[in-house]
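Below is one structure; the comments refer to it alone.
FYI, it's all coordinate maths here, none of it is from the lab. The structure displayed is predicted, hence computed values, not measured ones. All Cβ positions, glycine included, derive from the backbone under ideal geometry; neighbour counts span all protein chains shown.
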Ligand SMILES: [Zn+2]
């Protein structure tokens, strides 16, 4: 295996400090994207991108599977709710092929449902260091009220990195890039240069707002910075796999970047006028995008809240308090 210099490998099963707390479900706000609404919908769709690549579109996230000379490489593993359907589809498309590696583009459960079963098979799990850290501890997601228990040691990424790099897996050269403070603080993109396929990670959802998880480092300003990194990768012929929804083209990705710039501009203007969240929502700052992206209240609330942690009282060094 070839990795960049900042890539770290860990032996599984040595994280004795892990807390094995049970999942506590607190007073969860019934957000449109919450798990309860996905409970019955486990229908998946598959799409062949080539004879060695498969896109699986699940009810809450996408999974890309690429075959290599050493076995299957998964980029994200879906939610455990539809693990059975996912791996049945993979087995039908790649009969008899073993699993070689699994990337987590971030820590959310919609991406990490295959970690434990594949980790138990000794499959190499790869992620940004921050993703591994969130997965290895209890996370209280303040905006949803949900507390996520740590993953068991065997399900944690054993290969982590801090910055952009490349890893060789069999005959595949897989490039990855870090998007600092995007929709979490561990978001990465993955690029298969040989087939010109880019997986965006959680920054990009197609026809649905992303869950801007400021509890674990997401920030709308960081999303804009991250588009700069992401847009440096594709060309006009790249197949772009968002975290959710249909494949995208480069013009569609650029249009999303422009959309978030427009929304950020409007939010910024509202902050200068000291408007409340309720006032901002009444002004409908996403109006022209809602037909494509859906009801915006959750996204705008999270975007607004994500800015609070970056504000300082100019008279003080203390952070302003979140209302
Ligand atoms: Zn996510």
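Using only alpha carbon pairs under 8 Å that are at least six residues apart, calculate the relative contact order of segment 8-251 and give it in whole percent. Don't skip to the end; give the middle numbers.
Details: 562 pairs, mean separation 44.3, N = 244.
The normalised contact order for segment 8-251 reaches 18 percent.
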Taking 0.36 nm per residue of separation between residue 142 and residue 50 and subtracting their Cα-Cα distance, the length gained on full extension comes to 29.0 nm
In segment 123-265 the DSSP beta bridges are antiparallel at a rate, in percent to nearest 5, of 70 percent
From fewest to most C-beta neighbours within 10 Å, the residues 208, 168, 48 line up as 48, 168, 208
Cα-only Rg/Rh for segment 119-273 with Kirkwood Rh rounds to 0.99
quick shape note, segment 69-208: Cα extents on principal axes in Å, largest first -> 42, 32, 30
By the Cα gyration tensor axes a ≥ b ≥ c (a/c under 1.5 gives rounded; else a/b larger than b/c gives prolate, otherwise oblate), the shape of segment 190-323 is prolate
Rounded to the nearest 0.05, FRET efficiency between residue 250 and residue 168 (Cβ-Cβ, R0 30 Å) equals 0.70
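Assuming 0.36 nm per residue, please report the length gained on full extension of the stretch residue 88 to residue 273 beyond their Cα-Cα distance.
Length difference between fully extended and current span is 61.2 nm.
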Bounding extents of segment 70-130 in its principal axis frame from Cα atoms, largest first in Å, are 34, 26, 17
Reduced to Cα centres, the span from segment 157-174 to segment 105-132 in Å works out to 14 Å
For segment 8-251, the convex hull over Cα atoms projects on average to an area in nm² of 12.1 nm²
Neighbour-count ranking for 174, 63 (other C-beta within 10 angstrom, fewest to most) reads 174, 63
Rounded to the nearest 5, the percent of antiparallel DSSP beta bridges in segment 8-251 equals 75 percent
So the FRET efficiency between residue 262 and residue 308, C-beta based with R0 = 22 Å and rounded to 0.05, is 0.60
